[in-house]
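Peer 1: Pasting in a structure now, in structure tokens, and then I'll have a few things to ask.
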Amino acid sequence: MNLGKKILPPILLAFAVTSSACAETASTSMMNDAIISNKDKPVVWFNRQPSNSETGEPDYEAITFNKHTYYVGADTEQGAALQGEMIIKYISECDSSLDRNGDGIIGYVLAIGDDGHNSSASRTRAERKACGTAVKKNDVIISDAVELNLDGSSNIVQDGHVTLEGKDYIIRELASKEMKSPDGATWNADAAAVALDEWVKQFGDDIDVIISSNDGMGLKMFDNWAHSNGVPVFGYDANGDCVAAIKDGFCGSISQRAEVQAYMTLRIIRNCLDGVDANTGIATIDEAGNVLNEADFYYADRERAFKALNLAVTEDNYQSHLDPRATYDMVSHQLDAKTHPRKKVWINIYSDKDDFLSQTYQPLLQQYAYTLNLDVTIVIGNGYDESSITSQLPNPSEYDAYAINMIKTDHAKIYMDLLSK
Ligand code: BGC
Ligand code: CA
């Protein structure tokens, strides 16, 4: 598959690109030099959508903080559905040896990222839906962890079914857990290693499949146990190390198109600072020739959200995903510094232990900063305490714009207060 990627420095290719329009259009964001108050500067929330950590409902106050505020992420439902389909397709194509202990049950364990993160919850729901293990409450699939369900008696999940070589097998979620470190950092790979260790001690022979909400946790479980025991692992993010592990038996992952998201994160800021339509160089081609393919993202007006569309990465196509840090070539044309003068952008990454953000997203931000003439300051939080980030923004006035990856999805107010002071 041609993902249209290449590595910087950009070679300015002259090719014809047609401009694509979003289903909905983002509003024009006009910014002029007279605006100096921090609360009026561009803000892009990214990767963690400001939302209620209980219900997943978007935080409309945060997303309308000012008229230059947007969210950038991926279509979390579409990506989760792809992961679910990938898992069940794999299971259904296996022979009876998938049932390692021959008990007639395909048992899986699930490493959950963060109960209060809407992407994590949608992944859990879609995995359960695909495996037939989902149970609904008030018409919504329950996304809570089951802890232990060895006998199938949980009322949070139910047993699903699959036919392998003409024989009916039960699919059972044996255990699932939110992977939090002792200090409270979520999506935590070390916590997943500890949990798997305990599960293996208790019921290792029952584990036939491992599902993870992300690659960081998935790869740790693969390296520590699954690989040497021939147990399939599914992850999410298509980080370089996981994609490389597909040749060694890592089953598959989902690319949430970091190369599209990182570009949109900085491009929207550039557009707001330039006083042009927020879609410039995104849905509509700019004067340097930058534009995204309309099949790769969309704009959701109500949530003021630019969302990348995900792709499944498996044995069939992993070779074209081996370098997830390569930029998207159709948006790699550097802007003219005369018409797009250098501006200062403050960016934070919520945790120093998150493989997706540090391994994949951050290097892409740095490359696009160069393309877009933005001087970025990137600070890293500790993953559990918002002040580990805000303390690194002592003087917001030093910056022209902010890209924020907060720790908890319902903590936007902390940042809004800081910028409103
Ligand atoms: C990624 C995870 C990451 C999380 C952080 C998710 O979109 O899939 O790997 O830990 O974002 O917010
Ligand atoms: Ca079994």
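Peer 1: Output the number of residues of segment 223-242 satisfying the condition of being touching a Lys or Arg at 6+ places or on another chain (Cβ under 8 Å), under 28 Å from residue 329 (Cα atoms) and not in a helix (DSSP H, G or I).
Peer 2: Number satisfying all stated conditions: 1.
Peer 1: Can you pull out every residue in segment 364-396 that is open to solvent by 60 Å² or more (accessible area, probe 1.4 Å), farther than 30 Å from residue 329 by Cα and in contact with a Lys or Arg (Cβ under 9 Å, 6 or more places away or on another chain)?
Peer 2: 384 - this is the single residue of segment 364-396 that is open to solvent by 60 Å² or more (accessible area, probe 1.4 Å), farther than 30 Å from residue 329 by Cα and in contact with a Lys or Arg (Cβ under 9 Å, 6 or more places away or on another chain).
Peer 1: Among the listed residues 220, 247, identify the single one that is basic (Lys, Arg), within 16 Å of ligand 1 (Cβ to nearest atom) and more than 26 Å from residue 378 (Cα to Cα).
Peer 2: Working: 247 fails: within 16 Å of ligand 1 (Cβ to nearest atom).
Criteria check complete, one pass: 220.
Peer 1: Continuing with the same structure: Of all residues in segment 203-229, count the ones that are over 19 Å from residue 83 (Cα atoms), more than 16 Å from ligand 2 (Cβ to nearest atom) and among the acidic types (Asp, Glu).
Peer 2: Matching residues across segment 203-229 total 1.
Peer 1: Could you look through segment 159-192, keep only residues that are assigned to a strand (DSSP E or B) and basic (Lys, Arg), and pick out the one that is most open to solvent (accessible area, probe 1.4 Å)?
Peer 2: From segment 159-192, those assigned to a strand (DSSP E or B) are 160-164, 167-178; that's our starting set.
In the following step, the residues that additionally are basic (Lys, Arg) were identified as 167, 172, 177.
On the way: 167: 102, 172: 22, 177: 70 Å².
So, considering only residues that are assigned to a strand (DSSP E or B) and basic (Lys, Arg), the one most open to solvent (accessible area, probe 1.4 Å) is 167.
Peer 1: Does segment 78-94 include one or more residues that are modelled with pLDDT of 95 or more and not in a helix (DSSP H, G or I)?
Peer 2: Among the residues of segment 78-94, at least one is modelled with pLDDT of 95 or more and not in a helix (DSSP H, G or I), which makes the answer yes.
Peer 1: Still on this structure: Which one of 339, 327 is open to solvent by less than 50 Å² (accessible area, probe 1.4 Å), of a type in the set (Val, Ile, Thr) and farther than 30 Å from residue 180 by Cβ? Full working, then the answer.
Peer 2: Numbers: 339 fails: open to solvent by less than 50 Å² (accessible area, probe 1.4 Å).
Going through 339, 327 in turn, just one is open to solvent by less than 50 Å² (accessible area, probe 1.4 Å), of a type in the set (Val, Ile, Thr) and farther than 30 Å from residue 180 by Cβ: 327.
Okay, residues lined up against (1) closer than 16 Å to residue 365 by Cβ; (2) open to solvent by less than 40 Å² (accessible area, probe 1.4 Å); (3) in contact with a His (Cβ under 7 Å, 6 or more places away or on another chain):
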| site | (1), (2), (3) |
| --- | --- |
| 267 | yes, yes, no |
| 272 | no, yes, yes |
| 279 | no, yes, no |
| 288 | no, yes, yes |
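Peer 1: Hey, among 410, 352, which residue is crowded, with 16+ Cβ neighbours inside 10 Å, under 22 Å from the mean Cα position of the chain (by Cα) and either free of Cβ contacts under 8 Å to residues at least 40 places away in the same chain or within 16 Å of ligand 1 (Cβ to nearest atom) (or both)?
Peer 2: Details: 352 fails: crowded, with 16+ Cβ neighbours inside 10 Å.
Testing whether each residue is crowded, with 16+ Cβ neighbours inside 10 Å, under 22 Å from the mean Cα position of the chain (by Cα) and either free of Cβ contacts under 8 Å to residues at least 40 places away in the same chain or within 16 Å of ligand 1 (Cβ to nearest atom) (or both) leaves just 410.
Peer 1: Output the residue which, of all residues in segment 99-134 that are part of a strand (DSSP E or B) and more than 16 Å from ligand 2 (Cβ to nearest atom), is surrounded by the most Cβ atoms within 10 Å (Cβ to Cβ). Outline the logic, then answer.
Peer 2: Let us first name the residues in segment 99-134 that are part of a strand (DSSP E or B), namely 105-112, 134.
Pick out the ones that are also more than 16 Å from ligand 2 (Cβ to nearest atom) and you get 111-112, 134.
Values: 111: 31, 112: 29, 134: 22.
Per the criteria, the residue is 111.
Peer 1: Turning to a different aspect of this structure: Could you list all residues from segment 63-76 that are part of a helix (DSSP H, G or I) and within 15 Å of ligand 1 (Cβ to nearest atom)?
Peer 2: Residues of segment 63-76 part of a helix (DSSP H, G or I): 63, 76.
76, the sole residue that qualifies.
Peer 1: Read through the list (1) modelled with pLDDT of 95 or more; (2) of a type in the set (A, V, I, L, M, F, W, C); (3) open to solvent by 30 Å² or more (accessible area, probe 1.4 Å), then give the number of the only condition that residue 63 fails.
Peer 2: Failing condition for residue 63: (3).
Let's see how each residue does on (1) hydroxyl-bearing (Ser, Thr, Tyr); (2) more than 16 Å from ligand 2 (Cβ to nearest atom); (3) more than 21 Å from residue 161 (Cα to Cα):
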residue: 36; (1), (2), (3): no, yes, yes
residue: 50; (1), (2), (3): no, yes, yes
residue: 76; (1), (2), (3): yes, yes, yes
residue: 89; (1), (2), (3): no, yes, no
residue: 93; (1), (2), (3): no, yes, no
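Peer 1: Tell me which residues, restricted to segment 77-130, are within 15 Å of ligand 1 (Cβ to nearest atom) and hydroxyl-bearing (Ser, Thr, Tyr).
Peer 2: Those that are within 15 Å of ligand 1 (Cβ to nearest atom) and hydroxyl-bearing (Ser, Thr, Tyr): 119, 120, 122, 124.
Peer 1: Ok, one more. Within segment 135-158, which residues are open to solvent by less than 40 Å² (accessible area, probe 1.4 Å) and assigned to a strand (DSSP E or B)?
Peer 2: Listed by number, the residues that qualify are 141, 157.
Peer 1: Turning to a different aspect of this structure: List every residue pair whose Cβ atoms lie under 7 Å apart, where the two residues are 6 or more positions apart in sequence or sit on different chains, the first residue falls within segment 124-153 and is under 20 Å from residue 104 (Cβ atoms), and the second residue, located anywhere, is open to solvent by 70 Å² or more (accessible area, probe 1.4 Å) and among the polar types (S, T, N, Q).
Peer 2: 133/158
Peer 1: Could you tell me whether residue 253 is within 19 Å of the chain's Cα centre (by Cα) and crowded, with 24+ Cβ neighbours inside 10 Å? If you could, list the steps in order and put the result at the bottom.
Peer 2: Details: within 19 Å of the chain's Cα centre (by Cα): yes; crowded, with 24+ Cβ neighbours inside 10 Å: yes.
So residue 253 passes the test.
The values are calculated or read from the model by the stated rules, or taken from the named source; none is laboratory data. Please read these numbers as outputs of a predicted model, since none were measured by experiment. Glycine also receives a Cβ, built like all others from the backbone with ideal geometry; neighbour counts cover every protein chain displayed. The area values use the complete protein model at the heavy-atom level, side chains included, leaving out ligands, DNA and RNA. Shrake-Rupley method; radii C 1.70, N 1.55, O 1.52, S 1.80 Å.
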